[in-house]
Every structure is written in structure tokens, then in C-alpha cells.
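Heads up, the thing below is written out as C-alpha cells.
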Amino acid sequence: MKTEYEFRPKILGFLCNWCCYAGADLCGISRFQYPPYIKVIRLMCSGRVDPLFIFRSFLNGMDGVFIGGCWPGECHYSTEGNYDALTKKYIYKKLLAHIGINPDRLRLEWVSASEGIRFAEVMNSFSKQLIDMGPIGKAEGLADEELKSRLQVASSLVPYLKLVEREKIRVRFQTEKEYEEYFNGEKFTKLFDEMIAKNVTTGLLLALLRKRDSSIDEIAQSLAVDRSVAIQQLQASVRQGFVHFDEAHNRYGVAN
Ligand code: FES
């Protein structure tokens with residue numbers, strides 16, 4: 001008798017109505033097999049996936065979030081929302097990694113209405129990847145409370161992140177390779193570090209200090225950064241008036 005606990009990842013898929021959703025429909029009609037624990041939400045375009053949807057999905061216990069759109073060049077809208085989805089994929093994967101969550105928990109794929117078999121293949125592959133990874137939080141070595149706190153910090157920054165994306169990051173290329181090169185390149189890394197990472201780290205720092213006053217070493221350990229990086233971050237936060245230093249106890253806390 002099999003008594004072992006079998007991990008079944010919770011997966012939420014946001015599918016474009018015109019292609020991936022129709023592909024999923026064809027997959028069902030054709031009786032191609034894919035895991036039954038994938039829940040689907042139909043949207044009119046993959047570009048409609050708001051970053052908040054991603055973080056809220058994880059906050060609500062999803063182990064993986066899937067976005068399915070039309071192939072590049074085949075989006076049904078003149079705004080070509082699937083290219084926006086591609087941009088978001090790179091930004092939010094990097095952000096997930098920055099807050100200590102495996103970025104592969106977010107997956108974007110193109111599936112046309114006639115690719116029922118491809119939908120099944122993609123879902124089977126994503127499911128296997130998540131099973132290998134393990135449950136969200138546990139696999140990353142994060143306690144439930146810490147996982148929640150990190151995702152809440154990321155969620156709270158979404159309005160700012162959308163502004164940064166629109167004003168500073170949004171790009172439009174012709175090929176996926178160009179997107180890959182840009183988002184793996186120096187220019188984006190610099191922008192991400194300056195415009196996003198610092199703010200996220202400040203958010204994580206404040207979330208920690210709201211729970212308890214902490215020493216530099218505790219802060220560095222909690223943020224998973226070097227001591228020197230923690231010191232820089234603290235000095236900036238003290239200058240900005242967010243954080244105060246208690247000399248008597250050698251600890252930092254949230255400024256009143
Ligand atoms: Fe399908 Fe835009 S309509 S991705």
C-alpha cells in the first residue's frame with residue numbers, strides 16, 4: 001500500500017481566450033491527458049495579466065502560475081499584449097528571485113488554438129517541474145510567515161513597479177531572442193538594481209523591523225545579503241528617516 005505523501009502542486013493558469021484557452025479546450029476534446037489540479041482563468045489577452053494577479057496567486061497558496069498567450073505576431077489586439085506579457089515575465093521572474101522565490105514558478109508559453117497536444121505537453125512539463133521543486137516556501141527554505149511577508153512586500157510595490165515598467169523599462173522588439181538579450185543584459189540589470197531591487201529590499205527591511213528590532217547581522221541574514229550590503233541599506237534607510245538606530249542596544253528599528 002502506498003502511504004507516502006504525494007505532492008500535487010497547485011497551479012493557476014491565466015489563458016488568453018483566443019489561443020491558449022481554445023488550445024486547452026481542444027486538448028480536452030481530444031482527450032490528451034494533463035494533471036487535473038491545474039485551475040484556469042480565461043482572459044482576453046495574455047497582456048491583461050496584472051502583476052498583482054501573480055503575487056496574489058502565490059499568496060493564496062499556488063505553487064506555480066502559468067500564463068498562456070498567442071504566439072508572437074498573432075496577438076488579436078493591435079497593442080500586441082503578448083509582448084507586454086513577455087516583458088512582465090522577465091521583470092517578475094527577476095523580482096521573484098530577488099525575494100527568494102524560485103522564478104521558475106512563473107511560466108509563460110505560447111499555445112495556439114490548434115495546439116491541443118502542445119497545451120497538454122506544456123502543462124505536464126510545468127507540473128513535473130513544480131513537483132521536482134516542491135511546495136512553495138518549503139522548497140525555498142522560507143517559513144509560511146516569511147513567505148507571506150515577502151509576497152506582501154512585492155504586492156504592495158506593484159503600483160510603483162508598473163510605473164517603472166511603463167516609464168523606464170517597456171521595450172518593443174521583433175523577436176524573443178532580442179527580449180532575452182535585453183533582459184539578461186547589463187542595461188536592464190542596472191535599471192532593475194537601481195529602480196526595483198533597492199525599493200524591494202527597503203520594503204523587506206521595514207517588514208522585518210516592524211516585527212522586531214534587529215542587529216545588523218540578523219538583518220543581513222534575514223535579507224540574505226552580505227553584511228556590507230545590509231549596512232549600506234540601513235544607512236540609506238536611516239538617512240531617509242524610515243529607520244532609527246538604538247545605540248544603547250546596538251539594534252535598528254522602524255522610525256516613529
Ligand atoms: Fe492572445 Fe493577445 S490575444 S495574447
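Things worth noting here:
- Every residue from the range 223-256 that is surrounded by 14 or more Cβ atoms within 10 Å (Cβ to Cβ) and assigned to a strand (DSSP E or B): 243, 244, 245, 251, 252, 253, 254
- Unmet criterion (only one of (1) at pLDDT below 90; (2) over 16 Å from residue 92 (Cα atoms); (3) of a type in the set (A, V, I, L, M)) for residue 171: (2)
- Listing of helices (runs of 4 or more DSSP H) fully contained in the range 1-119 that carry 2 or more residues being open to solvent by 10 Å² or more (accessible area, probe 1.4 Å) and within 16 Å of the ligand (Cβ to nearest atom): 20-29, 81-98
- Scope the range 163-179; condition loosely packed, with under 15 Cβ neighbours inside 10 Å, assigned to a helix (DSSP H, G or I) and touching a residue at least 40 places away in the same chain (Cβ under 8 Å); matching residues: 176
- Single residue of the range 180-200 satisfying the filter (in contact with a Lys or Arg (Cβ under 8 Å, 6 or more places away or on another chain) and without any contact (Cβ under 8 Å) to a residue 40 or more places away in the chain) that is least open to solvent (accessible area, probe 1.4 Å): 191
The values are calculated or read from the model by the stated rules, or taken from the named source; none is laboratory data. Everything numeric in this text was worked out from a predicted model, so none of it was measured. Note: ideal-geometry Cβ built from the backbone for every residue, glycine included; neighbour counts use all protein chains shown. Ligands, DNA and RNA are excluded from the accessible area calculation, which covers all protein heavy atoms including side chains. Shrake-Rupley method; radii C 1.70, N 1.55, O 1.52, S 1.80 Å.
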